[in-house]
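Accompanying notes for the structure given below.
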Amino acid sequence: MTGEALAQGQSTTRPILELFPEELPGEGYRKAQIAHWLYARGALDFAEMTDLPKALREALAREWRISEFALVEAYPSQDGSVKYLFTLLDGKKTEAVYMPYQNRKTVCLSSMVGCPAGCTFCATGALGFGRNLTAGEILAQLLAIAHHQGISPREIRNVVLMGMGEPLLNLGNVLKAVRLMLHPKALAMSPRRITLSTVGIPRGIYRLAEEDLGVRLALSLHAPDDETRRRIIPTAHRYPIAEILEAVRHYYAKTKRRVTFEYTLLKGVNDHPWQARLLAKLLRGISAHVNLIPFNPWEGARVAGTPKAGILAFAEELKRLGVPTSIRFSRGQDVGAACGQLALKAPPILTLTPTPEDGGR
């Protein structure tokens, strides 16, 4: 039995978060009531749905489940962000990060257990691939975070699929989760506030263009030349930069949406001035924005980050050549929640929270 089958089959109940609002159990307006409790009120127990008849609540609890987690652990950072470690129903684990800002609440969600890309600068890549997450498990991360933060799920208006995994290698489940986020009777999110990050899977980029959901695309390029990219991203051996950029150009032609290029700066590897110039040349004719990401250290990493002066110099060279560029400093580094640090590890500062339903189903 596969991991996904285990996740779905270990419990006698079925995952209600796999259903679109119009597919929910109940007759007539009961569907809308259940959807409101799930996505506006953030209920994680059918007993909370007090405007439903008791018999219906009991029937729902016998057949369906809301939470996809056996345990939820929260690790608050000094900067206000929170790393969440989720134990799934089959015992495997994944992580997500909550990042509150003054004018918005953002969550970074995972699409897999581990990651098959194996990027040398990423702790998640060092774990290897566990399994794909279901659409319900992806969505459940957001609902669990809202529950533990004491807010409505609809107060979270920004989602980045930049946690564990390669979203475009689990595209069916990711697209279903995104459609539920966008659904007006579910999370009712704006597509412009949802970002899918990919290490560069051309067929996935083409499909995303055809789906045209209005979401943003972020490409983790990390090097402007194939030789360097192959050193730090194993999947680059399969997908050369030219092939990836051809897919990106198709995506822009089809959607007219600017693409973000993520670039983690590594000392002596991809931070040379000639690489900044080559990157600018590659991006000519593409509506692009470059996010330079300082390397976030993790135990066992075989690379080092570019010093601050080198990051600033690389950014200035790109700007001089007309490339819109910003430096993105990650949050949650002290609890292992920063970009590239997710490794299913409990940091020294530990806050355990009970499961949403105290383990009962």
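The values are calculated or read from the model by the stated rules, or taken from the named source; none is laboratory data. Here the structure is a predicted model, which is why all the values come from computation and not from measurement. With ideal geometry, Cβ positions are generated from the backbone for all residues, glycine too; neighbour counts draw on all protein chains shown. Side chains included, ligands, DNA and RNA excluded: accessible areas come from the protein's heavy atoms. Shrake-Rupley method; radii C 1.70, N 1.55, O 1.52, S 1.80 Å.
Looking at the range 135-160, which of the residues that are open to solvent by 10 Å² or more (accessible area, probe 1.4 Å) and among the β-branched types (Val, Ile, Thr) is farthest from Ser197 (Cα to Cα)?
Ile151
Name every residue in the range 65-98 that is free of Cβ contacts under 8 Å to residues at least 40 places away in the same chain and either within 15 Å of Gly136 (Cα to Cα) or among the aromatic types (Phe, Trp, Tyr) (or both), in order of residue number. Selection gives Thr87 alone. Criterion applied to Leu245, Leu196, Leu213, Leu208 was being of a type in the set (A, V, I, L, M) and farther than 21 Å from Val290 by Cβ, and the one residue passing it is Leu213. Among the residues of the range 45-84, those identified as open to solvent by 20 Å² or more (accessible area, probe 1.4 Å), in contact with a strand residue (DSSP E or B) (Cβ under 7 Å, 6 or more places away or on another chain) and under 18 Å from Pro21 (Cβ atoms) are Glu63, Trp64.
One line per residue, one yes/no per condition, for (1) within 28 Å of Ala74 (Cα to Cα); (2) modelled with pLDDT of 55 or more; (3) part of a loop (DSSP other than H, G, I, E, B):
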| residue | (1), (2), (3) |
| --- | --- |
| Gln275 | no, yes, no |
| Cys339 | yes, yes, yes |
| Ile349 | yes, no, yes |
| Gly360 | yes, no, yes |
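Restricting the range 161-174 to residues that are open to solvent by 30 Å² or more (accessible area, probe 1.4 Å) and touching a strand residue (DSSP E or B) at 6+ places or on another chain (Cβ under 7 Å), the residue that is farthest from Val72 (Cα to Cα) is Asn173.
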